[in-house]
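*Asks:* What follows is a single structure, and I will ask about it in a moment.
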Amino acid sequence: MKPILILAAVPQETALLKQALGDTARLKSDSFDYTEGNFGSQPVVICAGGIGKINAASVATALIERYHPRLVINTGCAGAYLASGLSIGDLAVASDEILGDEGVLMSDDWHDLKFMGIPSLILGSRMYHNAIPLSRHAAEKAMQLADYVGIRMVRGCFITVSTCSGCRQRGEELVQRFQGVCENMEGAAIAQVGLRYGIDCLEIRGISNLVDERDMKTWDIPRAVDAAQRFVLKYIEELERPVPKRGLNRPIPD
């Protein structure tokens, strides 16, 4: 059976997932560390590949080439824009990922790749500029599961940036430009690699902070990454069942 590839940026975002592998975990190491194992009968590969688009794209490419996974799940934490209605500890699932930095800054305004006439990806007759779609089926299944188990989740566009928004003005600017719900530093790169290889990609992130005047005393990264990983485990457990059933969830270690 082809594995599910789970990617995150830092080890804190995969610790609970690795713990859930139990005795099946096998650490591999090439130019980066990753772990093989099983959730029940489902093989998985888990890797925290580093922050930013370059790390994310290189790790996603290497592991997709090696394992040819059935699904890529990108998880971790994110900052929610104030207009999204999301709160710290909520979950968000990406409908699309937006390359928020790629473009040109002119004297009149910032303009995207379509304005420049340079797509970020060409697949046959399709050209993709700043917006990269993720699997609609996987996202809808996540929304259905969240509704069933009573977890707060919002679906919408995620914005991938290299420079995080550290003030309300910047967040409002990105929301106005792209209508995003939250921002991160890796998602669009992983989504684009998945799209290039024809592999479905699901992105689930926990909200660690609101995009406002930067004050890390108000953040809760542990709560966000815990919520995201627990949901990823539930999602994989229910993946083979068309309708979630009560009482069938695998215990998740504390």
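*Asks:* Evaluate the Debye formula for the stretch 1-77 with equal point scatterers sitting on the alpha carbons, no solvent, and hand back log10 of I(q)/I(0) at q = 0.11 Å⁻¹, in q order, two decimals.
*Replies:* So the normalised log intensities are -0.23.
*Asks:* According to the square roots a ≥ b ≥ c of the eigenvalues of the Cα gyration tensor, what is the shape class of the stretch 36-165, taking rounded for a/c under 1.5, prolate for a/b larger than b/c otherwise, and oblate for the remainder? Please report the intermediate quantities before stating the final value.
*Replies:* Details: a/c = 1.86, a/b = 1.29, b/c = 1.44.
It is oblate, given that a/c is not under 1.5 and a/b is not larger than b/c.
*Asks:* Residues with amide H under 5 Å of residue 155's amide H, sequence separation 5 or more or different chain, H placed in the peptide plane at 1.01 Å from N; which?
*Replies:* For residue 155, the qualifying residues are 93.
*Asks:* What percent of all Cα-Cα pairs in the stretch 24-67 falls in each 10 Å bin, counting up from 0?
*Replies:* 26, 54, 19, 1
*Asks:* Rounded to a whole number, what is D in µm²/s for the stretch 120-203 from Stokes-Einstein with the Kirkwood radius over alpha-carbon pairs (10 °C, 1.306 mPa s)? Numbers along the way, then the final one.
*Replies:* Working: Rh = 14.3 Å.
It comes out at roughly 111 µm²/s.
*Asks:* Further, regarding this structure: What fraction of the DSSP beta bridges in the chain is antiparallel, stated in percent and rounded to the nearest 5?
*Replies:* Numbers: 23 of 53 bridges.
Given both bridge residues lie in the chain, the antiparallel proportion sits at roughly 45 percent.
*Asks:* Another question, if that's okay. Note down the net charge around residue 114, summing +1 for each Lys or Arg and -1 for each Asp or Glu among other residues with Cβ under 15 Å from its Cβ. Walk me through the numbers before you get to the answer.
*Replies:* Working: positive: 126, 177; negative: 96, 101, 102, 109, 112.
The answer is -3.
*Asks:* Turning to a different aspect of this structure: Hey, what do the phi angles of the stretch 17-25 turn into as Karplus ³J(HN,Hα) couplings, whole Hz, using 6.51/-1.76/1.60 and θ = phi - 60°, x for Gly and Pro?
*Replies:* Calculated HN-Hα couplings, in order: 5, 5, 4, 5, 5, x, 6, 7, 5 Hz.
*Asks:* To continue, here is another question. What net charge do the residues around residue 189 carry, taking every other residue with its C-beta under 15 Å from that of residue 189, with Lys and Arg at +1 and Asp and Glu at -1?
*Replies:* -4
*Asks:* How far is the Cα center of the stretch 169-213 from the Cα center of the stretch 53-127, in Å?
*Replies:* About 6 Å separates the Cα centre of the stretch 169-213 from the one of the stretch 53-127.
*Asks:* Also, quick follow-up: Using only helices, what value at 222 nm comes out for the chain when you add -39,500 (n - 2.57) per DSSP H run of length 4 or more and divide by the total residues, to the nearest 500 deg cm²/dmol? Walk me through the numbers on the way to the answer.
*Replies:* Details: 7 runs with 80 residues, N = 254.
Computed ellipticity for the chain at 222 nm equals -9500 deg cm²/dmol.
*Asks:* Then there's this: I'm checking a number: the convex hull volume of the Cα atoms of the stretch 102-244, normalised per residue, in Å³. What is it? Could the numbers behind the result be given before it?
*Replies:* Details: hull volume 17.7 nm³, N = 143.
Considering the Cα atoms of the stretch 102-244, their hull volume per residue is 124 Å³.
*Asks:* Hey, what's the Kirkwood Rh for the stretch 103-146 if you take every pair of different alpha carbons, in angstrom? Walk me through the intermediate numbers first.
*Replies:* Details: mean 1/r = 0.0783 Å⁻¹.
Evaluated on the stretch 103-146, it is 12.8 Å.
*Asks:* Please identify every one of the trypsin sites (Lys or Arg not before Pro) in the stretch 95-148 that sits in a loop by DSSP and has no more than 11 other beta carbons within 10 Å of its own beta carbon. All intermediate terms of the calculation are to be shown ahead of the outcome.
*Replies:* On the way: sites: 114, 126, 136, 141; in loops: none.
Counting only loop positions with at most 11 other Cβ atoms within 10 Å, none of the trypsin sites (Lys or Arg not before Pro) in the stretch 95-148 qualifies.
*Asks:* Beyond 26 Å, how much of the Cα-Cα pair distribution for the chain remains, as a whole percent?
*Replies:* Numbers: 11695 of 32131 pairs.
Tail fraction, whole percent: 36.
*Asks:* How do 42-54, 214-226, 67-79 rank on mean C-beta neighbours within 10 Å, highest first? Mind showing how you got there, number by number?
*Replies:* Values: 42-54: 19.5, 214-226: 15.0, 67-79: 23.5.
Sorting 42-54, 214-226, 67-79 by mean packing, highest first, produces 67-79, 42-54, 214-226.
*Asks:* Could you compute the net charge surrounding residue 54? Neighbours are other residues with a C-beta less than 15 Å from the C-beta of residue 54; K and R count +1, D and E count -1. Spell out each step's value before the answer.
*Replies:* Details: positive: 53; negative: 101, 102, 186.
Value of the local net charge: -2.
Throughout, read-outs are computed from the coordinates displayed, never taken from laboratory work. Please read these numbers as outputs of a predicted model, since none were measured by experiment. Note that each Cβ is placed from the backbone with ideal geometry, even for glycine, and that neighbours are counted across all protein chains shown.
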